[in-house]
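Structure first, commentary second.
The values are calculated or read from the model by the stated rules, or taken from the named source; none is laboratory data. Worth saying up front: this structure is predicted, and the values here are computed from it rather than measured. Note that we place each Cβ from the backbone using ideal geometry, even for glycine, and neighbour counts take in every protein chain shown. Accessible surface is based on the protein model in full, side chains and every heavy atom, while ligands, DNA and RNA are left aside. Shrake-Rupley method; radii C 1.70, N 1.55, O 1.52, S 1.80 Å.
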Amino acid sequence: MLETLTTDVLPALQVMAASDESDARGIGLLFLLAGPAFYALIYFRYRNSHKRHHHEKETEASTHDMRATDTFVRRLTGLSNRTMRGANHKEVRGALRKIF
Amino acid sequence: MTDIDPRSQHPAPQAATAPPGASAESAVPEAAQDPATLAETIAGLSEPEGPQTIQTDAGAKDGLSKCARCGATDISLNVATGNLRCNFCRHEWQSTNMNEAFGLDQGIGELRGVVMGSGSADIIPSTEVVMTFKCSACGAEVVIDTDHSTQARCHWCRNTLSMNQQIPNGAVPDMVLPFKLPKEEAVRKIAEFVGKRKFYAHKRFRAEFNPENVMGIYLPYMVVDVNARAHFRGQGEHQTRSYTVKVGDRDERRYDADLYDVERAFDLHVNDLTVESSSQRLDQTSSNTNNIINSIMPFDVEHAVQYDSNYLAGFTSERRDTNVERLAPIVHTQSQDIARHQALKTLGHYDRGVRWDAEHVEVVGQRWVSAYLPVWLYSYHEQKSGGRSLLHYVAVNARTGETMGSVPINQTRLLGASAVAQAVGTVLAVVIFLVGG
Ligand SMILES: [Zn+2]
Ligand SMILES: [Zn+2]
């Protein structure tokens, strides 16, 4: 039950919320998920099972001798996704607790 | 877990002494950066000469630890001042700040190889956990259970015996961060946290909840400074245009973007990266609530003082039971996360994101210091159906007051409310489809 909730329902909700087609139909579909959404909201508020220490930003760190190279490759046109496919610059891998 | 570099050696407990604040002098040969090996690897430890030890318990004595003014042994932390206080004559004094004594906040850029506090040495499994001391006041034998404290009171003469010398069982760390938040304050924070989560809380929990049962506990951590070289290579996209196109009878959004090859290379200095060092706390799965304790980090470890068992009087403690070797992979992965995060500030141009294809974070030097950090912990054992149980925590960082917790849920009530929400949502959805569709 909970597994289903965290692995299926929440990502689905996120996708729907981020979707560009936030027309009446989208909102209508969102309402159809009111039950699981409410359950998840309360569950995470009470159990906080997704909370962790954000070591990546809460640890004091400094960079030195930064060397940057940026080389233009080409212009991409007609892309349908709003963000870069496969982007991983914000990834965090060292969290002890893995939720999703 | 296995170590990531077979070359890494771990210290046999040794008496090697480095002067306080000594920085590494051994030159480490630069690991040749072969671009072909710029894979998704974390660089290992490179220390040709084995770890260097900072002796942090020099002069420490076991047994009766007496007030310098009156000789009494009833000494404890005065939470209000952060000082140790003689409970007989009220004389107060301060322990030495760890950073000042050993220069732990300095020279991260000069770190080479592995430097570690003597209290961070590997645990030798055969070392006793329950230690017996002879009370020098009356001659009786006093037992200290190092799983829960490094102090005990002599039953006969009521003097307090302390263990301050580091023996290889993980009980005496290099440093301790004293409790700063008084118990009443912790009780108030826990009551407030749970008070906001009562309606859907488990019935039995609601009846039994009593924040006065909070326990002051020193939990074991490793505090690590890391000197690393980071090298990231990949591609990034910068949006140049956003527009709609007609696809059949509907509008769809399209984007144009400039694609770049992106490369970042930098030195990274990480100060006081803090990781749990008790195997129980490291186990963070969905079948426990250890993540709650994890989430109240960070602590102001720069205020930690040289270890003195008197700070534990009136509190309990949890012994460290893991070694540097086990924790090194976590520290390296987290350092890589920090490097990736630090690189973000140079990626502002790439509003569509960056995909790193090669990441290389080589740890050139690292400094490990073991610590007891203070936590107010409220625990509640939830008995579940089928004989299963779950230990819930509400934890308060006893330095910053940051509070987090897990409250057991009344599933019947929550499922009922969710069903009501579903019914209302369905009605609204139907209305929207009829009106808007
Ligand atoms: Zn005194
Ligand atoms: Zn005695």
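I'd like to know if the range B:370-377 contains one or more residues that are modelled with pLDDT of 95 or more and within 11 Å of chain A (Cβ to nearest Cβ). Scanning the range B:370-377, I find no residue that is modelled with pLDDT of 95 or more and within 11 Å of chain A (Cβ to nearest Cβ), so the answer is no. The listed residues are B:SER126, B:SER136, and the only one of them that is open to solvent by 40 Å² or more (accessible area, probe 1.4 Å) and touching a Leu at 6+ places or on another chain (Cβ under 6 Å) turns out to be B:SER136.
Inside the range B:148-207, residues that are in contact with a helix residue (DSSP H, G or I) (Cβ under 7 Å, 6 or more places away or on another chain) and within 16 Å of ligand 2 (Cβ to nearest atom) make up a count of 3. Taking the range B:147-193 as the range and being exposed (fewer than 15 other Cβ atoms within 10 Å of the Cβ) and within 16 Å of ligand 1 (Cβ to nearest atom) as the test, only B:ARG158 passes.
Within the range B:389-437, the residues that satisfy the criterion of being open to solvent by 40 Å² or more (accessible area, probe 1.4 Å) and part of a strand (DSSP E or B) are B:SER389, B:LEU391. In the range B:105-146, the qualifying residues are those that are within 14 Å of chain A (Cβ to nearest Cβ) and not in a loop (DSSP other than H, G, I, E, B), and the one that is nearest to ligand 1 (Cβ to nearest atom) is B:ILE108.
Where helices (runs of 4 or more DSSP H) fall entirely within the range B:244-353, those with at least 2 residues that are within 9 Å of chain A (Cβ to nearest Cβ), touching a residue at least 24 places away in the same chain (Cβ under 8 Å) and open to solvent by 20 Å² or more (accessible area, probe 1.4 Å) are at B:324-343.
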